[in-house]
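All remarks here apply to the structure that follows.
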Amino acid sequence: AAWCSQLCYFGVWDATAAHKTKNTPAPAWLPRLRLAALALTLGTALALRLTGAPTVAALTCGLLLGLLIVPCALLISRVKGYASYCRGICPLGLLAQWFGRISPWRIRRVGECSGCRACVRVCRQDAMTEQAFESGGCPTTACHLCRDCANVCPRHALAVTWFGRPSSAAWAGTALTALLAGLHAAFLFMARI
């Protein structure tokens, strides 16, 4: 789900708002809210289409909803210390997380761990939990490849790998960064058209 941490502007805003306070785990019910948001989004779009609502009305509803939800979610993120929009509302983030499970890029342990748990403290997606740390030190499938854990590791024991192979750590992170930069440039180019 590198989309959320690298390419989505809402994700960057949400993570920045959450970063201003102490990192706290998100409530267990929050992912279910995101599934409900996906169902509501798809259901509303289908209902508007089936009722023959004008396109302008649908766009206006979407814009008003975004103007209301995003500021409220950013405020909650700042107060609570976790990315509430990304983890509780964004339907695209849910799809990105599902597709992220088949991604060849993974954060894996590639060196000796000092046991400082800096990676656990910095993870805002609850992907590097205490349980994940104890069972091998690799993030769960909730990982967004933000690389915060790899950046804070004093021994550089975590890195982006290709299909989890530690031998790929020398080039996999650079390849991911190049791909994300290319995608970002393509999105900006298409927005100008």
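The values are calculated or read from the model by the stated rules, or taken from the named source; none is laboratory data. All figures in this text were calculated on a predicted structure; none of them were measured in a lab. Cβ sites come from the backbone with ideal geometry, for glycine too, and all protein chains shown count toward neighbours. Just the protein is used for accessible areas: all its heavy atoms, side chains included, with ligands, DNA and RNA removed. Shrake-Rupley method; radii C 1.70, N 1.55, O 1.52, S 1.80 Å.
Would you mind telling me the share, in percent, of accessible area of the range 84-180 contributed by carbon and sulfur at probe 1.4 angstrom?
Values: 2900 of 4810 Å².
For the range 84-180, the apolar C and S fraction of the accessible surface comes to 60 percent.
State log₁₀ I(q)/I(0) for the range 59-193 at q = 0.16, 0.18, 0.19 Å⁻¹ as given by the Debye formula over alpha-carbon point scatterers of equal weight, solvent excluded.
Each listed q maps to, in turn, -0.95, -1.11, -1.18.
Pull up all non-local amide H partners of Ile107: gap of 5 or more, or a different chain, and H-to-H distance under 5 Å with H placed in the peptide plane.
When sequence neighbours closer than 5 places are left aside, the close amide H contacts are Thr161.
Any chance you could run the full-extension gain for Cys113 through Ala58? It's 0.36 nm times the residue separation minus the Cα-Cα distance, nm to one decimal.
14.6 nm
Which of the chymotrypsin sites (Phe, Trp or Tyr not before Pro) across the range 1-63 are loop residues per DSSP, with 11 or fewer other Cβ within 10 Å?
On the way: sites: Trp3, Tyr9, Phe10, Trp13, Trp29; in loops: Trp29.
The qualifying sites are Trp29.
Based on alpha-carbon centroids, what's the gap between the range 56-97 and the range 107-172 in Å, whole number please?
Answer, in whole Å: 28.
Per residue, how many Å² of accessible area does the range 64-193 show with a 1.4 Å probe? Spell out each step's value before the answer.
Working: 7270 Å² over 130 residues.
Per-residue value: 56 Å².
If packing is taken as the mean number of other Cβ atoms within 10 Å per residue, what is the order of 147-159, 91-103, 31-43, 176-188, highest first?
Numbers: 147-159: 18.1, 91-103: 16.2, 31-43: 13.8, 176-188: 12.2.
Final packing ranking: 147-159, 91-103, 31-43, 176-188.
Springs between alpha-carbon atoms under 10 Å, Gaussian network over the chain: tell me which of Gly66, Gly88, Gly11 tops the mean-square fluctuations.
Among Gly66, Gly88, Gly11, the largest GNM mean-square fluctuation belongs to Gly66.
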